[in-house]
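K.L.:
What follows is a structure written as structure tokens; I'll ask about it next.
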Amino acid sequence: MNITVTRKLVQRLIEAQGTAISGQQLADEFGISRTAVWKHIKELEEQGYRIESVKKKGYILSALPDTLEPTDIQALLKTGRLGQNMHFLESCPSTQIAAHQLAQEDAPDGTVVLTEEQTAGRGRMARRWHSAANKGIWMSVILRPDVPPQKAPQFTLVTAVAVVRAIEQVTGLKPEIKWPNDILLNGKKCTGILTELQSDADGIQALIIGIGLNVNQLREDFDPEVQDIATSLKMESGDDVDRKQLVSSILYFLEQYSDLYIAEGFGMLKLMWESYSSTIGRPVRARMAKETLEGMAEGITEDGVLQLRTPDGKLHGIYSADIEMTN
Ligand code: BT5
């Protein structure tokens, strides 16, 4: 069986968006016999694609299997650049490591690395990111924006807004953002974002934006270390969530919002970020490397810096910290 034809057939059926295409038409388009089309369809059904065969009309794709097959995701993509170059790895230590390597090898702006399983997923400050197999989205996006390095931290906030919009669009859930890089549902973490930088004297060479999103895990799928603090979209919505749609939607919003940020600055995105934030207007404790401060989170600056007012009335700019709500 010609694998390329099988993949192209799926793309064609995805692009048809639920309308039927006759076996004869597919046979003509691919230059094969109708029997060969039928054999490819059977092969796809075995791989978990649900394809209805409607009399006198043809084939309709009604469901995709729960894999991260890149050509399927690309058929769903509504982006100009993000994800047009996509690398899929069945298992890897960390998509961040793979993406750093690709960026050094001149991978283009918008390159995406996706995996089913990370054996050494990482968070900030070398913390662990638990990345169980087949249930989440573990992905790194390479961006090459023409901005000075001091404009890099806001990309974490821009990405958070993009992921929240995508979760809303695909599931109807209403997530909140906890400064700077956590997305929460009912107070538990469903997403972490890690932005890393490759830069030299000429400025930013590449931003590597890592997104870890818990999608279809149940409580028992999480490591005991995070069972009480982590949640997944399935745990919150009660439904299985289509990871391919979600990847496509995240990349769409990330392209829109990062382009908006680069073209027009942080103003509009700051407003969006604040509207989703669970941190602003709340009393918080900020744990930093050298000190811990408690006070009221008043807002973020145009630079993405958290403004925290301590009881003595002083306003502190927080660049990096772990935040806990104190009420
Ligand atoms: C983060 O760090 O939240 C950033 C996580 C980024 C992960 C992505 S996955 C794709 C790409 N490849 C990588 O290797 N990384 C990126 P931080 O704010 O430091 O939070 C880490 C903390 O989150 C841990 O110390 C745990 O407490 C908690 N945690 C770990 N795994 C979790 C999970 N699956 N769900 C919820 N919380 C988790």
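K.L.:
Can you name every residue in the range 167-178 that is within 15 Å of the ligand (Cβ to nearest atom) and touching a helix residue (DSSP H, G or I) at 6+ places or on another chain (Cβ under 8 Å)?
P.N.:
First, pick out the residues of the range 167-178 that are within 15 Å of the ligand (Cβ to nearest atom): 167, 175-178.
Residues satisfying the conditions are I167, P175, E176, I177.
K.L.:
Kindly evaluate Q17 against the criterion of being free of Cβ contacts under 8 Å to residues at least 12 places away in the same chain and over 30 Å from A206 (Cα atoms).
P.N.:
It is true that Q17 is free of Cβ contacts under 8 Å to residues at least 12 places away in the same chain and over 30 Å from A206 (Cα atoms).
K.L.:
Then there is this: Among the residues in the range 92-100, are any under 16 Å from N214 (Cβ atoms) and within 12 Å of the ligand (Cβ to nearest atom)?
P.N.:
Of the residues in the range 92-100, the ones under 16 Å from N214 (Cβ atoms) are 95.
Remaining after also requiring within 12 Å of the ligand (Cβ to nearest atom): 95.
Yes: the range 92-100 contains one or more residues that are under 16 Å from N214 (Cβ atoms) and within 12 Å of the ligand (Cβ to nearest atom).
K.L.:
Which pairs turn up if I take residues in the range 95-124 that are basic (K, R) and look for partners that are assigned to a helix (DSSP H, G or I) and modelled with pLDDT of 95 or more with beta carbon separation below 8 Å, at least 6 apart in sequence or on another chain?
P.N.:
R122/Q96
K.L.:
Tell me, which strands (runs of 3 or more DSSP E) wholly within the range 19-114 include 2 or more residues that are outside the structural domain of E255 (by TED's automatic domain parsing)? Before the answer, list the steps.
P.N.:
Numbers: elements: 50-54, 58-63, 86-89.
Those strands (runs of 3 or more DSSP E) span 50-54, 58-63.
K.L.:
Here is a further query. Out of the residues in the range 126-157 that are buried (at least 16 other Cβ atoms within 10 Å of the Cβ) and part of a helix (DSSP H, G or I), which is nearest to the ligand (Cβ to nearest atom)?
P.N.:
T156
K.L.:
Would the range 158-177 turn up any residue that is among the aliphatic types (A, V, I, L, M), within 26 Å of R128 (Cβ to Cβ), in a strand (DSSP E or B) and not assigned by TED's automatic domain parsing to the domain that holds G304? Spell out the reasoning first.
P.N.:
First pass over the range 158-177, keeping only residues among the aliphatic types (A, V, I, L, M): 158, 160-164, 166-167, 170, 173, 177.
Next, only the ones that are within 26 Å of R128 (Cβ to Cβ) stay: 158, 160-164, 166-167, 173, 177.
Still in the list and also in a strand (DSSP E or B): 177.
Those left that are additionally not assigned by TED's automatic domain parsing to the domain that holds G304: 177.
So far as the range 158-177 goes, yes, one or more of its residues are among the aliphatic types (A, V, I, L, M), within 26 Å of R128 (Cβ to Cβ), in a strand (DSSP E or B) and not assigned by TED's automatic domain parsing to the domain that holds G304.
K.L.:
So, I211, is that one under 24 Å from T301 (Cα atoms) and either within 15 Å of the ligand (Cβ to nearest atom) or in a strand (DSSP E or B) (or both) or not?
P.N.:
Numbers: under 24 Å from T301 (Cα atoms): yes; either within 15 Å of the ligand (Cβ to nearest atom) or in a strand (DSSP E or B) (or both): yes.
Considered against the rule, which asks whether it is under 24 Å from T301 (Cα atoms) and either within 15 Å of the ligand (Cβ to nearest atom) or in a strand (DSSP E or B) (or both), I211 comes out as yes.
The values are calculated or read from the model by the stated rules, or taken from the named source; none is laboratory data. Only a predicted model underlies this, so the values are computations on that prediction, with no experimental measurement involved. Glycine also receives a Cβ, built like all others from the backbone with ideal geometry; neighbour counts cover every protein chain displayed.
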